[in-house]
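Working notes, structure below.
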Amino acid sequence: MIKKYSVLICVIISVVLIVIATFVYPGGSLLNKNSIGFDWSKNFISNLFAAKAMNGSYNTSRIWAIIGTVFHSVGYGIFFINMSKKIPSRHATTVLILIGVATILFNFLVVTPLHDIMVTISSTMSLLGLFYITVFILKTKLHLLKIFCIICLLTFYYTLYLYGSGNWGLLAIMQKVSFIILTLLILGLEYFTKQEDFKQIKPVEQKIQATNR
């Protein structure tokens, strides 16, 4: 039972802990160093990880945010590994397993001073994994998930564009929007897809062999 719902359990624990972290965050943001508390439209999740809040106070939210991020990493990692077992492609399976293991082992490093580089690495891995999954979802009859996958990828790309362009005001909002959409998609893929949904898809390896005959 725990194994079956491990992704959901990790996501719920992660969200609860991060929400608690936002309630106990002392205050301060890029736009206003003297603000009180966590403002969802102005603060970034990364503000919860620092030893000191942006207003200079001891950051009481840090421990909650760190533990929440660990559960987040484990849940997402298990998701990619589980999806690798459903998709009938040796290449895609290998990629998703590697992404899943790397997510479990390294994704939580976003809470360390390596934050910026780890955001880049973890975002790239997640996008790669979602791209592979989306390609195979588009070949199934799961039409609602097809739309959801495309929306999620576009939202993810746009959020990364804002990050690269330094549009911090809008990025603070899109970070949460992207996180919510991605989390809902992962839960949808985890619990509303099964191996049989992909069985009608001819594995890429078989297509290559058939072409060479």
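Just so you know, all these numbers are worked out from the coordinates, no wet-lab data involved. Here the structure is a predicted model, which means the values were calculated and not measured. Neighbour counts run over all protein chains shown; Cβ positions are idealised from the backbone, glycine included.
The C-alpha atoms of the chain define a longest principal axis, and helix 143-165 lies at about 40 degrees to it. For the chain, a Gaussian network of Cα nodes joined below 10 Å ranks Leu170, Leu130, Leu189 by mean-square fluctuation, and the top entry is Leu170. Scaling against 2.2 N^0.38 Å puts the C-alpha radius of gyration of the range 81-140 at 1.21. Just checking the listed ones, Pro113, Pro26, Pro88: in the Gaussian network model of the chain with Cα springs under 10 Å, the one fluctuating most is Pro113. Here is how the number arises for the chain: DSSP H runs of 4 or more residues each give -39500 (n - 2.57), the sum is divided by the residue count, and the result at 222 nm is -22500 deg cm²/dmol.
Each of Phe80, Phe38 has some number of other Cβ atoms within 10 Å of its Cβ, and from fewest to most they run Phe38, Phe80. Figure the gain on full extension for Ser46 and Phe23 (residue separation times 0.36 nm, minus the Cα-Cα span) and round it to one decimal in nm. Once the chain is fully extended between Ser46 and Phe23, it gains 6.8 nm.
Taking Cα atoms only, the orientation of helix 90-106 departs from the longest principal axis of the chain by about 20 degrees. Our estimate of slack between Lys176 and Ser6, defined as 0.36 nm per intervening residue step minus the Cα-Cα distance, is 58.9 nm. Please work out, to two decimal places, the log10 of the ratio I(q)/I(0) at q = 0.10, 0.17, 0.19 Å⁻¹ from a Debye calculation in which every Cα of the range 6-194 carries one identical scatterer. Each listed q maps to, in turn, -0.41, -1.11, -1.34.
Shown for the range 1-139: lysine pairs separated by 8 or more places, or found on different chains, whose C-alpha atoms are under 24 Å apart, numbering 9.
Footprinting exposure proxy ranking of Tyr132, Tyr25, Tyr191, fewest other C-beta atoms within 10 angstrom first, gives Tyr191, Tyr132, Tyr25. Using the Cβ of Asn43 as centre and a radius below 12 Å, the other residues enclosed give a net charge of +2, where K and R count +1 and D and E count -1.
The mean sequence separation of alpha-carbon pairs under 8 Å and at least six residues apart, normalised by the residue count of the chain, gives a relative contact order of 20 percent. Against the chain, whose longest principal axis is taken from its Cα atoms, helix 168-191 shows a tilt of about 40°.
The local environment of Ile133, defined by Cβ-Cβ distances under 13 Å, has a net charge of +2 under the rule Lys, Arg +1 and Asp, Glu -1. Relative contact order for the range 1-84: 37 percent, from Cα pairs under 8 Å spaced at least 6 residues apart, divided by residue count.
Sorted ascending by nearby beta carbons within 10 Å, beginning with the fewest, Val24, Val19 become Val19, Val24.
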